[in-house]
Amino acid sequence: MRAKICHFFACLNQTAKARRSVFRVREFKQAEAILRPMVKEGYVKWYQKKDGMIEVTLRQTNKGPLVRQVFQQSKPSIKKYVQHKTVKENRRLGLTLNGSKVYTTRELKDKKLGGIYLAEVR
């Protein structure tokens, strides 16, 4: 896992803790693959590419962003691999990288795949 993905999750965490709704990060290869399931599950309202940057708008409630915290499971130095049998399906959104695609825990179980467990969104 690359440092750019870690930086993206760090910016997402800082935005959620500060109860802001918008943040910007540099564009990177897997950005759209990570953001697509987050939009589909309702954690991110929308995202937009501009001048090599990605502007992400988080979905809000009265108390702040819907995302409270993102727990990184894999880091650049240590990768955590999971199989579809070992994934626990719960209300949280788990993101798993398989090749160049990112799957949620639900999709991973349905397609019977495995991959690098990136993060868990709460």
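At-a-glance table
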read-out	value
Lysine pairs with alpha-carbon atoms under 15 Å apart, the range 5-93, spacing 8 or more or separate chains	4
The chain: translational diffusion in µm²/s, Stokes-Einstein, Kirkwood Rh over Cα pairs, 37 °C, 0.692 mPa s	226 µm²/s
Sulfur and carbon atoms: percent of accessible area, the chain [1.4 Å]	46 percent
Accessible area expressed per residue, the range 13-119, with surrounding protein chains retained (probe 1.4 Å, Å²)	64 Å²
The chain - percent relative contact order, Cα under 8 Å, separation 6 or more	26 percent
Per-residue ³J(HN,Hα) for the range 52-69, Karplus 6.51 cos²θ - 1.76 cosθ + 1.60, θ = phi - 60°, Hz, x for Gly and Pro	x, 10, 10, 9, 10, 10, 7, 6, 10, 10, 5, 8, x, x, 5, 7, 8, 7
16 Å Cα-Cα reach of residue 112 towards aspartates and glutamates, excluding residues that sit fewer than 8 places from it in its own chain	89
Solvent accessible area, Å² - residue 92, 1.4 Å probe, full protein context	100 Å²
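The values are calculated or read from the model by the stated rules, or taken from the named source; none is laboratory data. Computed from a predicted model, the values in this text were never measured in an experiment. We work out accessible area using only protein heavy atoms, side chains counted, and drop any ligands, DNA or RNA first. Shrake-Rupley method; radii C 1.70, N 1.55, O 1.52, S 1.80 Å.
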